[in-house]
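Since the structure comes first, as structure tokens, the remarks are kept for the end.
The values are calculated or read from the model by the stated rules, or taken from the named source; none is laboratory data. Here the structure is a predicted model, which is why all the values come from computation and not from measurement. Ideal geometry is used to build each Cβ from the backbone, glycine not excepted, and the neighbour counts take in all protein chains shown.
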Amino acid sequence: MTTTPARPSRPRALRGLRLPAASLGPLYAVLAIAPVALAAFAATGTGVPLLEVGAATGLTAVALLALQFFSSGRWALLSARAGIDRTMRFHQLAAYSVAAVVLAHPLAYVAPWQAASVAEAWQGFASMLALPALRSGAVAWVVVLALVVAGALRNRLPMRYELWRGLHAAGAAVAMAAAAHHALAVGSYSGNAAVAGILVALAALALASLAVVYLVKPWWLRRRPYRLTANRTLGPGVQELVLAARGAHALDYRAGQFAWISFGGFPWPWRDHPFSFASCPASDAELRLLVKARGDFSGRAGELALGTTAYVDGPHGNFTLEGRQGDAIVLVAGGIGIAPILGLLRELAHARDPRPVSLVYGARLPSLVVCRDEIEALKERLDLATRYFAEEDAPGWSGERGAIRLDELAGALRGAPPARSLCFVCGPPSMMQAVERRLRALGVPEAQIVAERFDYD
């Protein structure tokens, strides 16, 4: 098998910080159960089963809530190992687990199923939440559930994305502080030094991580600004933005990765948005981004004036060639998903990779199939086969009509054994799921299909 040439290693100070993806799950599990495990060895306890369940769910809730701060997609140590799609999907699913444990925690104490009626059960529950000694717990309980509901309904809420982001972070800080205070003030095992120590440590690390992301990192980014050097319209609602560093700093990224980027003003995290790099660090001195008009900011991307200051928080993500093997490479892009695919194509062309490469690229309109001339020019340096699809026809369109046909993906392997083909997929979630299913049906192993999503149900 063939591998792509490895990029220059990162600075020595960062090498020891790169966690293998396989270690993340066990590390998470250990930290999640640590408070309960320590409590199990404690000599204290009530001996009452329901009360012990209440204590266990409370301790677990604090630990799970603290760990949510590290799976928010803002830490490259995680997103670059597991991929941003797995990181964010895990954050979403773990939030539902936090909500379930938080809901279960007070029920162990009021035992509503033992009440004579629903009204009696609700009265007992409300009375417990109103107790002054449990006020911080009640605050944490309400805020956590509100955060999870607001996260699930994010795309339906009548508020700007930036406001939602800011409120989400502030709410998380309030919930973490209140939950830790509640566990330490009235928890059954708060008197145990080991249990109290792990709770304090988890809460402190969680709040410190938030401080780094929302306070420290913005000031660091402000010292490493970029400026907008080009703003070109490639198609209806599609802009190419080109950024150059203002100073000697340069971003150490890999083709296919992305960054959280904000324009103008101060680089507060709630103002930035994720954009994949369409450039290749080996051949491009500047950062190239493709932006599709879909929301408040992206819809105004074409109005950004040249010289506008930009701040780049990255790199993030694992949609990269580095360290992956394959005898042939298949790239499948839908719509603006062509952005990171372009970065990969440019890296392959710069290295003059000898392997057969196939690009299958589709969009709703022919005018949204962008950078086609540049892609075709790469055939001079690559063994590249291309197929273009547009769901609607238009005069002069020389590609194929309709959506990407899944039954033709076998031809994109170009005779290479499916088990030894490396496939990258980027586009709308429904398209990605369909393509991944077809590739697996063709015999391409899960490990050989690389995909990163930013949208979930």
Please determine whether any residue of the range 223-234 is in a loop (DSSP other than H, G, I, E, B), touching a strand residue (DSSP E or B) at 6+ places or on another chain (Cβ under 8 Å), aliphatic (A, V, I, L, M) and not assigned by TED's automatic domain parsing to the domain that holds Phe41.
no
Arg294 - would you say it is closer than 25 Å to Ile341 by Cβ, surrounded by 17 or more Cβ atoms within 10 Å (Cβ to Cβ) and either assigned by TED's automatic domain parsing to the domain that holds Ile375 or of a type in the set (Lys, Arg) (or both)?
no
Can Pro269 be described as under 16 Å from Asp313 (Cβ atoms) and buried (at least 18 other Cβ atoms within 10 Å of the Cβ)?
yes
Within the range 427-457, the residues that are in a strand (DSSP E or B) and either small (Gly, Ala, Ser) or over 19 Å from Gly323 (Cα atoms) (or both) are Ala451
State yes or no: is Val435 in contact with a strand residue (DSSP E or B) (Cβ under 6 Å, 6 or more places away or on another chain), touching a residue at least 24 places away in the same chain (Cβ under 8 Å) and farther than 22 Å from Ala390 by Cα?
no
Within the range 374-399, restricting to residues that are among the acidic types (Asp, Glu) and within 33 Å of the chain's Cα centre (by Cα), the one that is farthest from Ile329 (Cα to Cα) is Glu392
Could you say which residue among Ala111, Ala126 is outside the structural domain of His273 (by TED's automatic domain parsing), touching a residue at least 60 places away in the same chain (Cβ under 8 Å) and over 30 Å from Ala211 (Cβ atoms)?
Ala111
Test result for Asp313, modelled with pLDDT under 95, touching a strand residue (DSSP E or B) at 6+ places or on another chain (Cβ under 8 Å), of a type in the set (D, E, K, R) and under 30 Å from Arg222 (Cβ atoms)
yes
Within the range 113-123, take every residue that is of a type outside the set (Val, Ile, Thr) and surrounded by fewer than 15 Cβ atoms within 10 Å (Cβ to Cβ) and give me the one that is modelled with the lowest pLDDT.
Trp113
So Gly427, is it touching a Gly at 6+ places or on another chain (Cβ under 8 Å) and at pLDDT below 95:
yes
Restricting the range 360-413 to residues that are hydrophobic (A, V, I, L, M, F, W, C) and touching a Lys or Arg at 6+ places or on another chain (Cβ under 7 Å), the one farthest from Val435 (Cα to Cα) turns out to be Ala385
Condition met for Gly323 (under 15 Å from Cys423 (Cα atoms) and at pLDDT below 95)
yes
Over the range 284-308, the set of residues of a type in the set (A, V, I, L, M, F, W, C) and either in a loop (DSSP other than H, G, I, E, B) or on the phi > 0 side of the Ramachandran plot (or both) is Ala285, Ala293, Phe297, Leu304, Ala305, Leu306
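Quick grid of which residues meet (1) of a type in the set (A, V, I, L, M, F, W, C); (2) in contact (Cβ under 8 Å) with a residue 60 or more places away in the chain:
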residue: Ala94; (1), (2): yes, no
residue: Val142; (1), (2): yes, no
residue: Val148; (1), (2): yes, no
residue: Leu157; (1), (2): yes, no
residue: His168; (1), (2): no, no
residue: Ala172; (1), (2): yes, yes
residue: Ala180; (1), (2): yes, yes
residue: Gly187; (1), (2): no, yes
residue: Ala201; (1), (2): yes, no
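May I ask you to list the residues in the range 402-433 that are among the aliphatic types (A, V, I, L, M) and surrounded by 18 or more Cβ atoms within 10 Å (Cβ to Cβ)?
Ile404, Leu409, Ala412, Leu413, Ala416, Leu422, Val425, Met431, Met432
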The one condition in (1) among the charged types (D, E, K, R); (2) farther than 14 Å from Leu331 by Cα; (3) not in a helix (DSSP H, G or I) that Asp407 fails to fulfil:
(3)
Given (1) touching a helix residue (DSSP H, G or I) at 6+ places or on another chain (Cβ under 7 Å); (2) modelled with pLDDT of 90 or more, where does Leu406 come up short, assuming only one miss?
(2)
Taking the range 363-391, which residues are at pLDDT below 95 and small (Gly, Ala, Ser)?
Ala363, Ser367, Ala390
